[in-house]
Amino acid sequence: MALMRKAAAALSVAVAALLAIPPTASATPTPYGTLARENFDRLPLGQVTEGRGWTADTDNGTLTVASSSTGRGRELRIRTEGNGRAFLVFDGLSAPGNSFWGRVRLRVGGFPTAPDWAHWTIAEASGADSPTLVRPLGGQYAPTDGGNFWGVGSDLGPTGDWTSWKTSAPAVGGGWQCVEFHLDATDNRVTVYLGGVQQSDLTVSTKVHGGSADDFVFPGFDRLKLGWQLYQADPTPSSYDIRMDDIALSTRRVGGCGNGS
């Protein structure tokens, strides 16, 4: 009987400990310094306005969970009309040292071919302490070079509105690719990786960027938007279809993109 009483007491303690864990907490540490993850597999099919740790920001655009085009799980379909926008918004972001990594699998159906210099954004980081918007993933249609090209950009800060696109990083629609970025506050440095390979030409930092002679300085990041926005009216094509999957934000490089991961 004494043995049974001890076992019952131990069980009661274990149950009490489990009940003490808040419903939103995890019983195990989040791996690899993860700040947020989303693969859409636990969300219902159809249009969505929120998920695990994110909400939506849309204007002439929608977010829809669809069956994966690879035949496994689910993915997010982002659809915009004209110069509309549709973003997942990760609010309340708190990265140690104001630095973090992002990774997402991405498919853009097609990039703009008009008007000239049409500008688009896929990722935008910001903070309440500064108007500066940091755009680690974006690009521009450059008619002088006959295509769209990836580029890091910024707006509303002391360096002005700029996108430092490079012809060494062409943006081609129609296929899946794994993209990563690193925001490193030690030198206000943005580094981009495509398919696991660092795109050195796209790197910007405090003194080396595409804006005015002023220093490029990060805000205190507390928000990240992932999705699509085109800024010019009456673009060609008139609508845009983007797919996203396997989103991860972390204090460390997540990897999973092939070479260099």
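The values are calculated or read from the model by the stated rules, or taken from the named source; none is laboratory data. The model shown is predicted, which means the values in this text are computed figures rather than measured ones. Here Cβ is always computed from backbone atoms with ideal geometry, including for glycine, and neighbour counts include all displayed protein chains. Surface accessibility is based on the protein's heavy atoms, side chains included, excluding ligands, DNA and RNA. Shrake-Rupley method; radii C 1.70, N 1.55, O 1.52, S 1.80 Å.
Does region 169-187 contain at least one residue that is surrounded by 15 or more Cβ atoms within 10 Å (Cβ to Cβ) and on the phi > 0 side of the Ramachandran plot? So far as region 169-187 goes, no, none of its residues is surrounded by 15 or more Cβ atoms within 10 Å (Cβ to Cβ) and on the phi > 0 side of the Ramachandran plot. Given the structure, is W101 modelled with pLDDT of 95 or more, in contact with a His (Cβ under 7 Å, 6 or more places away or on another chain) and among the aromatic types (F, W, Y)? So W101 fits the description; yes. When region 180-204 is filtered for residues that are within 19 Å of L156 (Cβ to Cβ) and in a loop (DSSP other than H, G, I, E, B), the ones remaining, listed by number, are A185, N188.
Table: residues versus (1) in contact with a Pro (Cβ under 6 Å, 6 or more places away or on another chain); (2) under 18 Å from S239 (Cβ atoms).
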| residue | (1), (2) |
| --- | --- |
| E38 | no, no |
| D41 | no, no |
| R52 | no, no |
| S68 | no, no |
| F87 | no, yes |
| D91 | no, no |
| A95 | no, no |
| W120 | no, yes |
| T132 | yes, no |
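When region 154-182 is filtered for residues that are among the hydroxyl-bearing types (S, T, Y) and within 18 Å of V192 (Cα to Cα), the ones remaining, listed by number, are S154, T163, S164, T167, S168. Scanning region 95-110 for residues that are within 20 Å of L194 (Cβ to Cβ) and open to solvent by 20 Å² or more (accessible area, probe 1.4 Å) returns W101, R103, R105, R107, G109, G110. Checking the structure you have, find out if any residue of region 93-112 is touching a Cys at 6+ places or on another chain (Cβ under 9 Å) and aliphatic (A, V, I, L, M). Taking every residue of region 93-112 in turn, at least one turns out to be touching a Cys at 6+ places or on another chain (Cβ under 9 Å) and aliphatic (A, V, I, L, M). Scanning region 163-191 for residues that are closer than 17 Å to V108 by Cα, touching a strand residue (DSSP E or B) at 6+ places or on another chain (Cβ under 7 Å) and touching a residue at least 40 places away in the same chain (Cβ under 8 Å) yields A171, G173, G175, W176, Q177, C178, V179, E180. For region 77-132, the set of residues classified as small (G, A, S) and more than 11 Å from F221 (Cα to Cα) consists of G82, G84, A86, G102, G109, G110, A114, A118, A123, listed by residue number.
Tell me whether region 239-251 contains one or more residues that are of a type in the set (D, E), farther than 19 Å from N39 by Cα and either at pLDDT 95 or above or exposed (fewer than 15 other Cβ atoms within 10 Å of the Cβ) (or both). Within region 239-251, none of the residues are of a type in the set (D, E), farther than 19 Å from N39 by Cα and either at pLDDT 95 or above or exposed (fewer than 15 other Cβ atoms within 10 Å of the Cβ) (or both). Being polar (S, T, N, Q), touching a residue at least 40 places away in the same chain (Cβ under 8 Å) and surrounded by fewer than 18 Cβ atoms within 10 Å (Cβ to Cβ): is that true of T113 here? It is true that T113 is polar (S, T, N, Q), touching a residue at least 40 places away in the same chain (Cβ under 8 Å) and surrounded by fewer than 18 Cβ atoms within 10 Å (Cβ to Cβ). When we screen A125, A86, A118 for residues that are open to solvent by less than 10 Å² (accessible area, probe 1.4 Å), under 27 Å from G258 (Cβ atoms) and among the small types (G, A, S), the only hit is A125.
Which one is surrounded by the most Cβ atoms within 10 Å (Cβ to Cβ), of the residues in region 205-224 that are small (G, A, S) and farther than 16 Å from T191 by Cβ? Checked region 205-224; the qualifying residue surrounded by the most Cβ atoms within 10 Å (Cβ to Cβ) is G211.
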